[in-house]
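The values are calculated or read from the model by the stated rules, or taken from the named source; none is laboratory data. Treat the numbers as computed from the prediction; the structure is a model and nothing was measured. Don't worry about glycine lacking a Cβ; one is built from the backbone with ideal geometry, like all the others, and counts go over all protein chains shown. Side chains included, ligands, DNA and RNA excluded: accessible areas come from the protein's heavy atoms. Shrake-Rupley method; radii C 1.70, N 1.55, O 1.52, S 1.80 Å.
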Amino acid sequence: MLNQLTISELTTKLARGETSARQTLQACLDQIQRVDDRVHAFLSHDAADALAQADAADQELAGGGSGKPLLGVPIAIKDVIAVKNQPLNCASKILGDFISPYDAAVIEKLRAAGAVVFGRLNMDEFAMGSSTENSAFGLTRNPWDLTRIPGGSSGGSAAAVAADECLASLGSDTGGSIRQPAALCGCVGLKPTYGRVSRYGLVAFASSLDQIGPFTKDVRDAAILLGVLSGHDLRDSTSVALPVPDYAAALTGDLKGLKLGLAREYLVDGLDPEVKAAVNAAVKQYEKLGAEIVEVSLPHTEYAVATYYIVATAEASANLARFDGVRYCERVAGGDLIEMYSRTRGAGFGPEVKRRIILGTYVLSGGYHDAYYLRAQKVRTLIRNDFLKAFETVDAILTPTTPTAAFKAGEKSGDPLQMYLSDIFTISCNLAGICGLSLPCGFTGNTQPRLPIGLQLLGKPFGEETLLKLAHAYEQSAGWHKEKPPLASA
Ligand code: GLN
């Protein structure tokens, strides 16, 4: 089935004339028709617009192709990234029927590479959450077990790839929102180094932490997509003017001389024994593949969740001020200007977004700024320094992506602190600004149906080549990426 192919498999077939972009897109649309009433990965998709893009790709292919790396490849987009003339809601009611007037930088890049850009993928409202239960438009379900959550906030992006509703997707990661859902849905998710990918056209949650990245069916596809998405952009002053390597060329399978760090601080209470066993097995596999395993220490890890929930909420409270009923939003009129703001924001934002705005405003307020925000910034530097020190001796650090496999819908939604702890292994990476990748490393045995488990690799700033090389070698020897949820092919 064409919708099950990887990007590299499809582009080979297209180049040989064995299939067309239209047929491939149609296979994805058929799959959406067949499974998405159960999975609900998509908020909407504009089939006519996507088919027109596919036809244009087929014309280019008929003319001999153009060397574009994604020509004819259908890629779906999280509802927080602007796509011209398509809805942009951030899974929130507050934006009403807002249509984006422009393409995000990453969308321009996908289009220039020939991709068929389609669909709006479900997420936690404004990317705040770990289960996609905070969407204003209903749950996304985990394709491996429909009673469970797909992770979040990019739950739709992970579920759509796992259920073969698209070949790959884009998500955003502020504290784990790419890696955590990738782990829980059994796909590959990559958070690039801060500055590697332009955030122009990404609706900001926490600007010093946000980064866009790919969800894919294997590591090679993540390398291909990262190559397309990366690069300097004058419209995002935090994007970095470093050359973009040929990431796929790094996938040599040769791990000789590479050192992988194991951080003892990541063996926390609450780490599920099956997750621990799967990660330990991966460590053994890496040794067989020729990597050297070294113990490292990241002593400030225990402060990461608290630090994140100060920094991220502070930035969110400032970023979300623009949703005021004047510049954006469904206005709820009444009273004076202040009254109109509060009615609009009161009606439009969901409870988690309100909680974050209130928390963030508090930690920035006079008298508390130094005690909370300033202190959190200092701890953030200590967390980054822990990593930079560890990277003096190791090439990458290996951890579980999440403490448990996917949990049941409703299980943690009443307890924000429990929910925040599901990001315990992913958050430090954003605070430190380094890169991180999650890939499948096995399945649970004691749940029925079985659930995917994710392995996280954390890399040096701009060390994505090493991460991808390490991930690819393990993936090819372990073969977990070939497993599909029964729903995808039934
Ligand atoms: N789950 C984390 C949060 O709720 C991270 C979200 C994200 O990475 N966008 O903030």
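Of the accessible area of the range 256-369, computed with a 1.4 Å probe over protein heavy atoms only, carbon and sulfur atoms account for 56 percent. For the chain, the fraction of alpha-carbon pairs lying more than 41 Å apart is 13 percent, rounded to a whole number. Normalising the average separation of contacting C-alpha pairs (under 8 angstrom, six or more residues apart) by the number of residues puts the relative contact order of the range 101-238 at 22 percent.
Hydrodynamic analysis of the range 407-490 uses the Kirkwood radius over alpha carbon pairs. Inserted into Stokes-Einstein at 10 °C and 1.306 mPa s, it gives a translational diffusion coefficient of 105 µm²/s.
Taking Asp49, Asp236 and ordering them by how much accessible surface each has at a 1.4 Å probe, largest first, produces Asp49, Asp236. Using all pairs of distinct alpha-carbon atoms, the Kirkwood hydrodynamic radius of the range 326-467 works out to 18.9 angstrom.
Please pull out the direction-averaged projected area of the range 51-168, using the convex hull of its alpha-carbon atoms, in nm² to one decimal place.
That works out to 7.6 nm², a quarter of the Cα hull's surface.
Once the Cβ-Cβ distance between Ser477 and Arg355 is put in as r, and R0 is 56 Å, what FRET efficiency do you end up with, to the nearest 0.05?
Details: r = 44 Å, r/R0 = 0.78.
The pair Ser477/Arg355 has a calculated efficiency of 0.80.
Mean sequence separation of contacting Cα pairs (under 8 Å, at least six apart), scaled by the length of the range 139-180, corresponds to a relative contact order of 32 percent. Here Asp103 sits with roughly 30 square angstrom of accessible surface, probe radius 1.4 Å.
In the chain, helical runs assigned H by DSSP with n ≥ 4 each contribute -39500 (n - 2.57); averaged across all residues and rounded to the nearest 500, the mean residue ellipticity at 222 nm is -11500 deg cm²/dmol.
Taking the DSSP beta bridges with both ends in the chain, the antiparallel portion is around 65 percent. Over all distinct Cα-Cα pairs of the range 306-370, the Kirkwood formula returns a hydrodynamic radius of 12.4 Å.
For the range 1-54, the alpha carbon convex hull comes to 82 Å³ per residue, rounded to a whole number.
When the surface is traced with a 1.4 Å probe over the full set of protein chains, Glu274 keeps roughly 50 Å² accessible.
Hey, what does the equivalent ellipsoid look like for the range 1-107, semi-axes from the Cα gyration tensor as sqrt of 5 times each eigenvalue, largest first, whole Å? Show your work: numbers first, answer last.
Values: eigenvalues 144, 58, 24 Å².
In descending order the semi-axes read 27, 17, 11 Å.
Taking all protein chains together and a 1.4 Å probe, the residues Trp480, Trp144 rank Trp480, Trp144 from largest to smallest accessible area.
Here the range 386-450 and the range 175-211 have alpha carbon centers that stand 13 Å from each other.
Please go through the range 280-374 and write out the trypsin sites (Lys or Arg not before Pro) that DSSP classes as loop and that have at most 12 other C-beta atoms within 10 Å.
Details: sites: Lys284, Lys288, Arg322, Arg327, Arg331, Arg343, Arg345, Lys354, Arg355, Arg356; in loops: Arg327, Arg331.
Answer in residue order: Arg327.
Using the average count of surrounding beta-carbon atoms within 10 Å as a protection proxy, the listed peptides 400-413, 31-44, 454-467 rank, highest first, as 454-467, 400-413, 31-44.
If the Kirkwood radius is taken over C-alpha pairs of the range 253-348, then at 4 °C and 1.567 mPa s the Stokes-Einstein diffusion coefficient equals 71 µm²/s.
When DSSP beta bridges are limited to those with both residues in the range 1-126, what percentage is antiparallel, rounded to the nearest 5? Mind dumping the intermediate values first?
Values: 3 of 8 bridges.
That works out to approximately 40 percent antiparallel.
A 1.4 Å probe run over the protein chains yields, for the chain, 37 Å² of accessible area per residue, whole-number rounding. Membrane-span-like helices in the chain (whole DSSP H runs, Cα extent of at least 18 Å along the helix axis, mean Kyte-Doolittle hydropathy of at least 1.6): none found. Relative contact order for the chain: 18 percent, from Cα pairs under 8 Å spaced at least 6 residues apart, divided by residue count.
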